[in-house]
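Each remark here refers to the structure printed beneath this line.
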Amino acid sequence: GAVPPLLAVLADGTAEAQEHAAAALWSLSAGGATGGPGAAIVAAGGIPALVKLLSAGSGGARQSAAGALWNLAWGSVQFQDSIAEAGGVEALVALSRQSGAEERGQAQANAEGALRTLSDNHYIAIRLEQLGWVAAQ
């Protein structure tokens, strides 16, 4: 499948290659928890790789990583828990609080969306409250 090579690019690729790989993973994750590519991303260890990009990637990579995590969180408590266990809640909160370039603005919007979806999970909602995160209106 396409997922393992894309994850390898996230780990070792150039910034531009990481942006393209993250965008491809965002697209592949669109099915969320319904199986298929989303499940393959999670099974291949994609959640920690995407979480890492939230703080270490370029603006485009952050935008795509947050979008992919948002898709993966949709409708799957298991994937939500995996995102939380990988440090994704804290990384998404940090990204949602950044300001600056337009590209980062879209990354922030994706982070906000992911956090709103994750906040449906009771345990994650408690963590978000501890972090002082409140959904943008």
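Among the numbered criteria (1) closer than 29 Å to Gly132 by Cα; (2) surrounded by fewer than 23 Cβ atoms within 10 Å (Cβ to Cβ); (3) touching a residue at least 24 places away in the same chain (Cβ under 8 Å); (4) out of contact with any Leu (no Cβ under 8 Å at 6 or more places or on another chain), which single criterion is violated by Ala56?
(3)
I'd like to know if the range 103-115 contains one or more residues that are modelled with pLDDT under 95, surrounded by fewer than 17 Cβ atoms within 10 Å (Cβ to Cβ) and in a loop (DSSP other than H, G, I, E, B).
There is no residue in the range 103-115 that is modelled with pLDDT under 95, surrounded by fewer than 17 Cβ atoms within 10 Å (Cβ to Cβ) and in a loop (DSSP other than H, G, I, E, B).
Suppose the filter is out of contact with any His (no Cβ under 7 Å at 6 or more places or on another chain), of a type outside the set (A, V, I, L, M, F, W, C) and either open to solvent by less than 10 Å² (accessible area, probe 1.4 Å) or not in a helix (DSSP H, G or I) (or both); does Ser29 pass it?
yes
Limited to the range 40-94, what total is found for residues that are under 21 Å from Asp12 (Cα atoms) and of a type in the set (S, T, N, Q)?
4
With respect to the numbered conditions (1) more than 12 Å from the chain's Cα centre (by Cα); (2) within 19 Å of Ile124 (Cβ to Cβ); (3) not small (Gly, Ala, Ser), which one is the sole condition not fulfilled by Leu54?
Exception for Leu54: condition (1).
Being of a type outside the set (Val, Ile, Thr), more than 16 Å from Asn110 (Cβ to Cβ) and open to solvent by 10 Å² or more (accessible area, probe 1.4 Å) narrows it down to one residue among Ala23, Ala17; which is it?
Ala17
Could you please let me know if Ala114 is among the small types (Gly, Ala, Ser) and free of Cβ contacts under 8 Å to residues at least 12 places away in the same chain?
no
The values are calculated or read from the model by the stated rules, or taken from the named source; none is laboratory data. Quantities reported herein were computed from a predicted structural model and do not represent experimental measurements. Neighbour counts run over all protein chains shown; Cβ positions are idealised from the backbone, glycine included. All accessible areas refer to the heavy atoms of the entire protein, side chains included, with ligands and DNA or RNA removed. Shrake-Rupley method; radii C 1.70, N 1.55, O 1.52, S 1.80 Å.
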